[in-house]
Number of protein chains: 4
Amino acid sequence: MRALRKIARGPGAELVEVPIPEPGDDEVLVRVHGASICGTDLHMLDWNEWADRRVRDVPMTFGHEVAGAVHAVGDEVHHLHPGAFVAAETHIACGHCTTCQTGRAHICENLRILGVDTEGAFAEYVVLPAQNAWVVGEGIDPDVASIMEPFGNAVHAAFGTGGGEDIATNSVAVIGCGPIGMFAVGVVRALGAFEVIAIEPNGYRRGKASEMGADVLLDPTEVDPVAAVLEQTKGVGVEVVLEMSGNERAIDQGTRMLARGGRMSLLGLPDASVTLDLNDQVIFKEARLQGITGREMFRTWQQTTTLLSTGRVDVTPVITHRFGLDRWQEAFDTTASGRSGKVILAPDPEATGHTTGHTTG
Amino acid sequence: MRALRKIARGPGAELVEVPIPEPGDDEVLVRVHGASICGTDLHMLDWNEWADRRVRDVPMTFGHEVAGAVHAVGDEVHHLHPGAFVAAETHIACGHCTTCQTGRAHICENLRILGVDTEGAFAEYVVLPAQNAWVVGEGIDPDVASIMEPFGNAVHAAFGTGGGEDIATNSVAVIGCGPIGMFAVGVVRALGAFEVIAIEPNGYRRGKASEMGADVLLDPTEVDPVAAVLEQTKGVGVEVVLEMSGNERAIDQGTRMLARGGRMSLLGLPDASVTLDLNDQVIFKEARLQGITGREMFRTWQQTTTLLSTGRVDVTPVITHRFGLDRWQEAFDTTASGRSGKVILAPDPEATGHTTGHTTG
Amino acid sequence: MRALRKIARGPGAELVEVPIPEPGDDEVLVRVHGASICGTDLHMLDWNEWADRRVRDVPMTFGHEVAGAVHAVGDEVHHLHPGAFVAAETHIACGHCTTCQTGRAHICENLRILGVDTEGAFAEYVVLPAQNAWVVGEGIDPDVASIMEPFGNAVHAAFGTGGGEDIATNSVAVIGCGPIGMFAVGVVRALGAFEVIAIEPNGYRRGKASEMGADVLLDPTEVDPVAAVLEQTKGVGVEVVLEMSGNERAIDQGTRMLARGGRMSLLGLPDASVTLDLNDQVIFKEARLQGITGREMFRTWQQTTTLLSTGRVDVTPVITHRFGLDRWQEAFDTTASGRSGKVILAPDPEATGHTTGHTTG
Amino acid sequence: MRALRKIARGPGAELVEVPIPEPGDDEVLVRVHGASICGTDLHMLDWNEWADRRVRDVPMTFGHEVAGAVHAVGDEVHHLHPGAFVAAETHIACGHCTTCQTGRAHICENLRILGVDTEGAFAEYVVLPAQNAWVVGEGIDPDVASIMEPFGNAVHAAFGTGGGEDIATNSVAVIGCGPIGMFAVGVVRALGAFEVIAIEPNGYRRGKASEMGADVLLDPTEVDPVAAVLEQTKGVGVEVVLEMSGNERAIDQGTRMLARGGRMSLLGLPDASVTLDLNDQVIFKEARLQGITGREMFRTWQQTTTLLSTGRVDVTPVITHRFGLDRWQEAFDTTASGRSGKVILAPDPEATGHTTGHTTG
């Protein structure tokens, strides 16, 4: 089969022919319908400092946001059968550590990531642990299924670690409107947010945030976002900030636009340490900051399925491009261009059928 | 009456004779039994940068951790009567802003603090808003009543903003064992913590933490507290950190000793901005950081009353000194010495009766 | 002024002339814009067994769901001024009992109800405790303001005692679609419910539930609602039941249509004891049953204000009739007819201005 | 091996010789150290109506509260090895239904129970699904390990479905002091309950509740328990009721002794439907009733392990008897006598070593 692989510990990748892998006893082999490109994949292609430190073994196939049909199952797999259409939870948990045993497998102490610690999904076939294959069910387009993993990030951030009881009837700022931020705008709208303020310097992305339902769009290069949010909220601030940018300055601003008793969920990954005014912006305000990573297994997947299958959130504005595997370089360039939402790599680009309306490369 | 007052915007104070104040319509006049000295009071005496910025009007009487008997009530006060023994909630809330209206008066948008924004309690009498007078009830010694306010800080930090569901059966680190940290050790023991680790450089204070029930004592000048906590918890970290030091380095260390999914409540006030490794210590771990200030009005007071009146927490090791108002300088020196717990100023030092066992100056 | 009063302890009422009342020190006098009729008011008119047991003093003016402009304020009222347009929280709390002190004033141990324990609002003027006057703010029609109290019941039931974290993406059944049930349908839609099933024998009311956004309508006299809900949810049941009927049989059915781990909020008041299969329907399913009464003071009012002022819920289909005070008998007959939503009594029926579209009698 | 088996669908059992079972691919074979007798086991011996309806297949070995050493593991079991000392979670979950996928495997839609739906543990060896074998760890006596399952019921009831945030500093009533009620008394004490009221007609059991730390003992055949609890709590009622009796009258009484906003966790199984005054005791009080079954997998096991291994709860007063397998009839008679706590059946009664102090039959 064809697979897009890192061949060496440095920039670049190659589309090469490799054998179709065999699923292990508790694994499934999936025929890939589509795999969307994540920021992490750009880092791996470019082989930045993070990639060099984080990735252990090359050569390897990368890519992890994937959906496809089960092709074969291992001997110990009893609840999945060939033909089932599945999306991949990319956090591979050990199942036996303290956090796994207490229902928090997504922050497993021995966590491995698909396509980073294991062979990935930019290929015609991918092997998944059976427990990581989520049956997609009816009402979700196959292309949409391939973005359920990053969409789930947005859902998990919106619900937060406390159950999302603070979204409905409250005001929410989404900082950073890359694809996950775009998704988050739609999610908090569907959860009953009173007012959604999207903060993003890139005009194309602000436009997408608007399509997803943002009430207010702020360009932080044009206005002071803290002052603008406080003005918009009559001096009170927003009850919830969803931080998707990973920008150090934006994180600090997030604390400053938060209302007393507010919640900031942090999903964007800063490159460096972050300096915060804990005194005035956290302690006296009794603000709550919480780290968010991955998706609750599998409560978030169920919420994701409901939001997508019922149309409560329509993600089609965010799925902007679709390329065949052989045009992977264009796909990565498009992803990096700042003028795209989610870009899907499809081994068989004709196998779309279900989806229409987005640019097909 | 005698009152210890800031006379000028600079270091020092004077014990002077002033008229007994009159309560306003919705206020009560309290005859002070005892007022304990807070770190804030040291700042006001020394007139540090914070005091100069924060305090508006001098001359003024300072002091706020106070208990005493109601002496007279204003015309609009119907539920309190002279003779009632009360302790003061020092957060004076407006009652009408959004946070007040949603049950979070302790983070009122128009918050004023007794003895900082209003005339305080280092005096023979003090005026309180009637709604800030908590009837102490049976079983609590009058001297103990005078420390209910800072004890309540420890209770609020322990319960946190989420109800304290994560204390029982879990391990807890208390960073910084000044009086509130000492109290916190006793509180989390009473709430069923599995293991309490107290981190404090001052040996006298570590001794007090031990008296209050700490299982493990760490001197951060002798050992790396992060390494020591991880070793003590078999690499997992503690589920809860109560940060009472306000030390920038200690706050960073707190995030590093926290278990995945853990909670750090921040009560100690750092002098400057704090730099954190949000990436590895908050986001990937899904840690929760929460600011803590004051006491929930008045859920925390009820919890405080139960813990103290039933003896679930015995605070007598922490109430170490008691001085007459005329010996205020000794009292402040003792507070600043690093060899004391709570130091009480008593207008009538013979009026103790109920309490014994602590050094009386 | 004219006031609709119970003159004797028996059926009937009279529209009589009485002096305009004076507000006490901590009260406000409100010029009534509109007062909507509640089921309780029907009981008081008919003087059923409940009314005879519950009401202490007659003669008295009844009615409690009210909005209007502040006309005068008492001496102790400092935050409200004549002209402010307010709606009434009808639960008059003591402010000093344990539940009040712990932020749950709506279940005050010494609770009194406007128009039941005090002079009510079917009159040209009504006196309210100042703390019970909620400033309505912009964007809410005066007639809509007069139904904020029962709408708040629906909001409180939807959020429940746990914060409403289980509404978004979940399925919800509303049992009993009188006005509060009709409101509840709209509220859970706005909070992101996946699917709303309305159960109601009265066809007119089912129609209103449909207008408010119910996905599925069930007539329990035609189908077995338990079987129908289980079929609709593929055997799983609904995650949330909002019980608004007070019907003993319906309450039992509610437990049977609840999913494992589900929540049933009980607001409808049964006339008699209720027999439940706790074993199979509660214990083995770990179902949660919770009583709901009144509105959280004032968190629910803030949520209510947001939902109404932003149009997230449009209640105009439920406000079906409006009568002048002199046509009170028609108004009560209409309320009892089963072919109405909320019916408003207006002392000055021409003073509508803002609202249109509903039948004016 | 020897096994105590139901031979026919009727009263009685026989100790017979059967082959040692073989573990399946994902199972473990455990050499039984001890299996304690549950009320369910009495029902199976007596073959009451419940047993006749519930049990599908006989002959079968019964018993389920068990601990022992892993003797052999199936081919698909990779994290457990022979020699590990384990206790059994008796709820066998499917892992794939909605409740399992959302972290609530203990109320799995396809739940099977060890020793009821599968071959049980009153035998020399028992086969467990590998995922149901909890590694006991250090500091817990092997006999104590055999009661971790019912102790876990008490822990789960105490924490409730909301995290147990309402135990510390609050008053708790435990209704019904069979072994699980006795355990519950000790658990809520360890979690910081202010006052524990034990309600139980059997004097022997009240004595055990006292040994476990109950502050107040009530005999409901001598006093009205509702009146007594209200008097003890100054008319307020208890914040938490843990209902362990399953007695219809006691459940009704539990709602009547509950404070406003209180929580009643229901674990005892009533034989018949239960009639409740929902109006006054649930709705107007905003009481919360919640079903409790099994143990959260495996959060409760971790809490259980901490409480037992640290000595926070000492269960030795409750483990009152220990018999060899051949003396099973005496063991069951003792269990039914009303003068016992937990009774352990031990295939090898000499293999105690670790435990002392209880009657050995």
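The values are calculated or read from the model by the stated rules, or taken from the named source; none is laboratory data. Everything quoted here is computed from the prediction, not taken from an experiment. Cβ coordinates were reconstructed from backbone atoms using ideal geometry, including for glycine residues, and neighbour counts include every protein chain displayed. With ligands, DNA and RNA removed, areas are computed over all heavy atoms of the protein, side chains included. Shrake-Rupley method; radii C 1.70, N 1.55, O 1.52, S 1.80 Å.
Things to note:
- Just so you know, in the stretch C:87-109 the residues that are among the small types (Gly, Ala, Ser) and open to solvent by less than 40 Å² (accessible area, probe 1.4 Å) include one that is farthest from the other protein chains (Cβ to nearest Cβ), and it is C:Ala88.
- Residue match in the stretch C:96-105 (condition: of a type in the set (D, E, K, R) and farther than 29 Å from C:Val16 by Cα): yes
- Only one entry of A:Leu242, A:Leu230 meets the criterion of being under 23 Å from C:Arg312 (Cα atoms), open to solvent by less than 50 Å² (accessible area, probe 1.4 Å) and within 14 Å of chain B (Cβ to nearest Cβ), and that entry is A:Leu242.
- Each residue in the stretch A:138-152 was checked for being open to solvent by 10 Å² or more (accessible area, probe 1.4 Å) and aliphatic (A, V, I, L, M), and 2 of them qualify.
- Matching residues, the stretch D:256-275, being outside any strand (DSSP E or B) and among the basic types (Lys, Arg): D:Arg256
Conditions tested, residue by residue: (1) open to solvent by 10 Å² or more (accessible area, probe 1.4 Å); (2) among the aliphatic types (A, V, I, L, M); (3) under 23 Å from B:Leu269 (Cβ atoms).
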{"position": "B:Ile180", "(1), (2), (3)": "yes, yes, yes"}
{"position": "B:Val187", "(1), (2), (3)": "no, yes, yes"}
{"position": "B:Phe194", "(1), (2), (3)": "yes, no, no"}
{"position": "B:Pro201", "(1), (2), (3)": "yes, no, yes"}
{"position": "B:Arg205", "(1), (2), (3)": "yes, no, yes"}
{"position": "B:Ser210", "(1), (2), (3)": "yes, no, no"}
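- Checking B:Val155, B:Val135, B:Val116 one by one, the residue that is among the β-branched types (Val, Ile, Thr), open to solvent by 40 Å² or more (accessible area, probe 1.4 Å) and in contact with a Phe, Trp or Tyr (Cβ under 9 Å, 6 or more places away or on another chain) is B:Val135 and no other.
One line per residue, one yes/no per condition, for (1) within 30 Å of D:Gly268 (Cα to Cα); (2) facing another protein chain (nearest Cβ under 7 Å); (3) more than 16 Å from the chain's Cα centre (by Cα); (4) part of a helix (DSSP H, G or I):
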| site | (1), (2), (3), (4) |
| --- | --- |
| C:Lys285 | yes, yes, yes, no |
| C:Leu289 | yes, yes, yes, no |
| C:Thr293 | yes, yes, no, no |
| C:Thr300 | no, no, no, yes |
| C:Thr304 | no, no, no, yes |
| C:Leu307 | no, yes, no, yes |
| C:Val315 | no, no, no, no |
| C:His321 | no, no, yes, no |
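- Top-ranked residue in the stretch B:323-350 [being of a type in the set (A, V, I, L, M, F, W, C) and in a helix (DSSP H, G or I); ranked as nearest to B:Glu211 (Cα to Cα)]: B:Ala336
- Residue, most open to solvent (accessible area, probe 1.4 Å), within the stretch C:1-34, restricted to residues that are of a type in the set (Asp, Glu) and touching a residue at least 24 places away in the same chain (Cβ under 8 Å): C:Glu22
- For first residues located in the stretch C:35-64 and open to solvent by 40 Å² or more (accessible area, probe 1.4 Å), partners that are hydrophobic (A, V, I, L, M, F, W, C) and lie 6+ apart or on another chain with Cβ distances below 6 Å form the pairs C:His43/C:Trp50; C:His43/C:Ala51; C:Pro59/C:Ile7.
- Annotation: C:Asp252 fulfils all but one of (1) within 14 Å of chain D (Cβ to nearest Cβ); (2) charged (D, E, K, R); (3) open to solvent by 50 Å² or more (accessible area, probe 1.4 Å); the unmet one is (3).
- Considering the stretch A:184-194, and only residues there that are free of Cβ contacts under 8 Å to residues at least 40 places away in the same chain and at the interface with chain C (Cβ under 9 Å from one of its Cβ atoms), the residue that is farthest from C:Ser171 (Cα to Cα) turns out to be A:Phe194.
- Considering only residues in the stretch B:255-285 that are of a type in the set (D, E, K, R) and surrounded by fewer than 24 Cβ atoms within 10 Å (Cβ to Cβ), the one that is nearest to B:Val236 (Cα to Cα) turns out to be B:Arg260.
- Just one of the listed residues (A:Arg9, A:Arg5) is more than 14 Å from every other protein chain (Cβ to nearest Cβ) and closer than 22 Å to A:Ala346 by Cβ, and it is A:Arg5.
- Among (1) over 22 Å from the mean Cα position of the chain (by Cα); (2) touching a residue at least 60 places away in the same chain (Cβ under 8 Å) - the single one D:Gly246 does not satisfy: (1)
- Sole exception among (1) open to solvent by 10 Å² or more (accessible area, probe 1.4 Å); (2) within 12 Å of chain D (Cβ to nearest Cβ); (3) more than 30 Å from B:Glu239 (Cβ to Cβ) for A:Leu80, by number: (1)
- Within the option set B:Arg295, B:Arg312, being touching a residue at least 24 places away in the same chain (Cβ under 8 Å) and open to solvent by less than 10 Å² (accessible area, probe 1.4 Å) holds for one residue only, B:Arg295.
- Selection from the stretch D:184-242 of residues that are within 14 Å of D:Leu258 (Cα to Cα), of a type outside the set (A, V, I, L, M, F, W, C) and in a loop (DSSP other than H, G, I, E, B): D:Thr233, D:Lys234, D:Gly235, D:Gly237
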